[in-house]
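Please treat every number below as a calculation from the coordinates, not as lab data. As the structure is a computational prediction, the values presented were derived from the model and not from experiment. Neighbour counts are summed over all protein chains in view; Cβ atoms, including those assigned to glycine, are modelled from backbone coordinates with ideal geometry.
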Amino acid sequence: MGNEDLVNEVLSLKRERNAVILAHNYMDYDIQVVADFIGDSYDLALRAMETKAEVIVFAGVRFMAEQAKALNYDRTVLAPDPGAGCTIADALNADMLRRAREEYPNAPVVLYVNSNADVKALADYIVTSSTAIKVVKKLSSDVVIFGPDSNLADYVAHMTGKRIIKVPPNGKCIVHASYTVDMVREARAKYPGAKVMIHPEAPLNVLRMADFVGSTNQMIEYARDSGYDEFVVGTEIGMLNALRIKVPNKTFHPLTTGPSAKCPFMAMVTLDKVYRSLRDMVHKVEIPKSTADAIREAFERTRKLLEG
Ligand code: 13P
Ligand code: SF4
């Protein structure tokens, strides 16, 4: 089937199944075109809670689809490729977290949304790259257990001045952890008029060189509202699709086009797999009810803290 036919098939199946497609900002352009909502992890989690559709197709990696299922336990959530994992999420297991709790019994556990469901169910608070600093600042404790992304943990420690106990000590994103100071220097030399935006999963010495640090949605807001016209984008290269759709009048350059530019897990989700998931109603995300309840509770506790 040609791409245009595939797009039309997906749009008609969406109506037939009463389905919505939630797509992460990193998705291929043709997936973003058929999506009902495009966003960062936090925005998509909120959208998942609001939707009245019977079926949610989550065009993103597995932890995101699991999060949508936890927040909408009675709905059918489909993951176009259930094998699409995440190196950060896979760095932490439940035993590691239990050991950290034993060692620091009074420290709250703040987990990045990039965690697998069984581990996330053990969190006191669930944060995304757009909420981590605000949440940790608001906690009364000066010692906080935080995981599984070690670079985000460093950034949170730097921005809040709190003692951050990392679980595990070295969870990393295969894309952002590969960014270097030299990449930023080269990009600045090549695009001297551009502002440099970098995702907080990058190392702290790289973040210190950025004009703006934020989640993928925060990058869109910065590009749209800042008054500048040209940007270097320090995040997964699919982000350029979202920026070109949402901020069409400005210019964007990737920080790198090298081997680490594309997340291999995000790349596993294709328009063809979105189509097949809707056609055959596969692959249904299943997590135990008790796990979903615990995730929802931690997510709501975090929302209340943010709003309070
Ligand atoms: P955002 O929440 O900023 O979209 O990040 C998700 C992610 O997986 C980054 O690699
Ligand atoms: Fe995980 Fe990094 Fe891929 Fe995002 S870009 S899904 S953090 S491996």
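Extending 7 Å from the Cα toward the beta-carbon at both residue 245 and residue 174 defines two label points whose distance is 2.3 nm. A crude spin-label estimate for the pair residue 190 and residue 230, with each label 7 Å from Cα along the Cβ direction, gives 1.3 nm.
Ranking of 44, 13, 207 by neighbouring Cβ atoms within 10 Å, starting from the fewest: 13, 207, 44. Counting other Cβ atoms within 10 Å as a rough exposure proxy, the listed residues 283, 199 run 283, 199 from fewest neighbours to most.
Within the shell of other residues whose beta carbon sits under 13 angstrom from the beta carbon of residue 278, the net charge comes to +1, with Lys and Arg scored +1 and Asp and Glu -1. The GluC sites (Glu not before Pro) of the stretch 197-295 that meet both conditions, a loop assignment by DSSP and at most 13 other Cβ atoms within 10 Å of the site Cβ, are 286. Of 75, 185, the sequence from fewest to most neighbouring Cβ atoms within 10 angstrom is 185, 75.
Centre-to-centre, using Cα atoms only, the stretch 55-96 and the stretch 191-240 are separated by 26 Å. Counting only lysines at least 8 places from residue 246 when in the same chain, those with an alpha carbon closer than 25 Å to its own are 14, 52, 190, 195, 262, 273.
What you get for the stretch 267-308, charging only the Cβ of Lys and Arg (+1) and of Asp and Glu (-1), is a dipole of about 60 debye around the Cα centre. Compared with the direct C-alpha span, the chain from residue 8 to residue 50 gains 12.6 nm at full extension, assuming 0.36 nm per residue.
Across the stretch 1-129, the mean sequence separation of Cα contacts (distance under 8 Å, 6 or more residues apart), normalised by length, yields a relative contact order of 18 percent. Here residue 162 is the anchor, and the lysines within straight C-alpha reach of less than 25 Å, apart from those fewer than 8 places off in the same chain, are 120, 134, 137, 138, 172, 304.
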